[in-house]
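**Q** Handing you a structure now.
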Amino acid sequence: MLKAVVTSFVICTMLLMLSPVAKAADVFEVNRKLGRGVNIIGYDPIWRSQDRARFQEKHFRLIKEAGFDSVRINLHAFRHMDANNDYQLSPAWFETLDWAVKNALANKLAVILDLHEFNAMGDDPVGRKPLFLAFWKQVSVHFRNAPDSVVFEILNEPCRGVTAELWDQYYHEALAIIRKDNPTRAVILGPPNWNSVDKLNEFKLPEDDRNIIVTVHYYKPMSFTHQGASWTPTYRKKTGVKWPTSEKDKQAVVAEFKKVHDWAQEQKRPIFLGEFGAYDRADMESRVQYTSFVARTAEKFGFSWAYWQFDSDFIVYDIPNDRWVEPIRDALIPR
């Protein structure tokens, strides 16, 4: 009897040692491998039909060859969920996502799966909560055997109706779902109010989960980065704003990133700058200076980052003309 118990214990121990989830990848190393990234395919027609895709398989290779390390895949998934079938995601949606993840990994790009439904959640957090949780139930199971280089981001820019208090509740519930099948996978979480650097002190993370990467977004000053943007009533009619106007503009970036760095050091958490950039209506020289300075400052403080974005607006790649916007590319990845 004792021999059987000992044998059983040894076998169980060996199985745990062989299990792919028995040992977590160091979350700081995962964040380091995210390195220099770019946001992709959030607004691409590929999600309606792969025949209509702007983004093609070759673009993964071009992104890697340009010197990027990762892609942040922006997922507007709610419209692809069946309310009459427990909010199941459509097979076609998963087919497209699998194609993207497969090609990113084949090109040695780390992958962030970013639930980008911030507007839907901000407008009706209670009504959309079932979709939010159903999304992570399905995606966490679907990618449970993916390599450590596939990272989950629970929700882009919690805002408006997703208050700090509600966000604390919602992300804990989603994280618990994810941890059932992905106990050690790196998960990205950010503070409320659009992942604002100003809200980190209102952001409380579970002490017992050390496989979390903290994200912030940075678009300050909005009067520069969002000048002429149609979706911003305050800035849509204002153009011609330069950057920097003085050394103070640069020092403001340094000061804010230092606050993030100091918070991260105290909390012992890695930082991912998930979005930054300047809208296309700003003059190119200012965009280049801003983009380069933000990227280099983030790197100085040890942050990984992802530029907003490859295509659509703020672009770094001109898909219709099949070429890089070289000044922006070179600001991000110096030649």
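**Q** When you check I11 against the structure, is it at pLDDT 95 or above and outside any strand (DSSP E or B), yes or no?
**A** In short, no.
**Q** Residue by residue through region 164-206, note down the ones that are within 16 Å of I271 (Cα to Cα) and hydrophobic (A, V, I, L, M, F, W, C).
**A** Across region 164-206, the qualifying residues are A186, V187, I188, L189, W194, V197, L200, F203, L205.
**Q** Do we have G274 as within 14 Å of G35 (Cα to Cα), part of a loop (DSSP other than H, G, I, E, B) and in contact with a His (Cβ under 8 Å, 6 or more places away or on another chain) here? Write out each step before concluding.
**A** Values: within 14 Å of G35 (Cα to Cα): yes; part of a loop (DSSP other than H, G, I, E, B): no; in contact with a His (Cβ under 8 Å, 6 or more places away or on another chain): yes.
The answer is no for G274.
**Q** Which of (1) surrounded by fewer than 21 Cβ atoms within 10 Å (Cβ to Cβ); (2) under 22 Å from P221 (Cβ atoms); (3) within 22 Å of the chain's Cα centre (by Cα) does M284 not meet, given it meets every other one?
**A** Condition (3) is where M284 drops out.
**Q** Turning to a different aspect of this structure: Taking the stated definitions as given, is V38 within 20 Å of E326 (Cβ to Cβ), out of contact with any Pro (no Cβ under 9 Å at 6 or more places or on another chain), modelled with pLDDT of 95 or more and not basic (K, R)?
**A** yes
**Q** Of these, F68, F152, F60, which one is over 18 Å from R179 (Cα atoms), among the aromatic types (F, W, Y), modelled with pLDDT of 95 or more and not in a helix (DSSP H, G or I)?
**A** F68
**Q** Picking from I212, I188, which residue would you name as being within 19 Å of P158 (Cα to Cα), in contact with a Lys or Arg (Cβ under 7 Å, 6 or more places away or on another chain) and in contact (Cβ under 8 Å) with a residue 60 or more places away in the chain? Don't jump to the end; show me each part of the working.
**A** On the way: I188 fails: in contact with a Lys or Arg (Cβ under 7 Å, 6 or more places away or on another chain).
Result: I212 is the single residue among I212, I188 that is within 19 Å of P158 (Cα to Cα), in contact with a Lys or Arg (Cβ under 7 Å, 6 or more places away or on another chain) and in contact (Cβ under 8 Å) with a residue 60 or more places away in the chain.
**Q** What are the residues in region 210-243 that are in a loop (DSSP other than H, G, I, E, B), under 23 Å from the mean Cα position of the chain (by Cα) and crowded, with 21+ Cβ neighbours inside 10 Å, if any?
**A** Answer for region 210-243, where residues must be in a loop (DSSP other than H, G, I, E, B), under 23 Å from the mean Cα position of the chain (by Cα) and crowded, with 21+ Cβ neighbours inside 10 Å: just H226.
**Q** From S70, S149, S140, grab the single residue that is without any contact (Cβ under 8 Å) to a residue 60 or more places away in the chain and among the polar types (S, T, N, Q).
**A** Only one candidate qualifies: S140.
**Q** So, of the residues in region 240-279 that are in contact with a helix residue (DSSP H, G or I) (Cβ under 8 Å, 6 or more places away or on another chain) and acidic (D, E), which turns out to be nearest to V216 (Cα to Cα)?
**A** If we take residues in region 240-279 being in contact with a helix residue (DSSP H, G or I) (Cβ under 8 Å, 6 or more places away or on another chain) and acidic (D, E), then E275 is nearest to V216 (Cα to Cα).
**Q** Same structure, new question: Kindly indicate whether G127 is outside any loop (DSSP other than H, G, I, E, B) and small (G, A, S).
**A** Yes: the conditions hold for G127.
The values are calculated or read from the model by the stated rules, or taken from the named source; none is laboratory data. Computed from a prediction, not measured in an experiment: that's the story for all the values here. Note: ideal-geometry Cβ built from the backbone for every residue, glycine included; neighbour counts use all protein chains shown.
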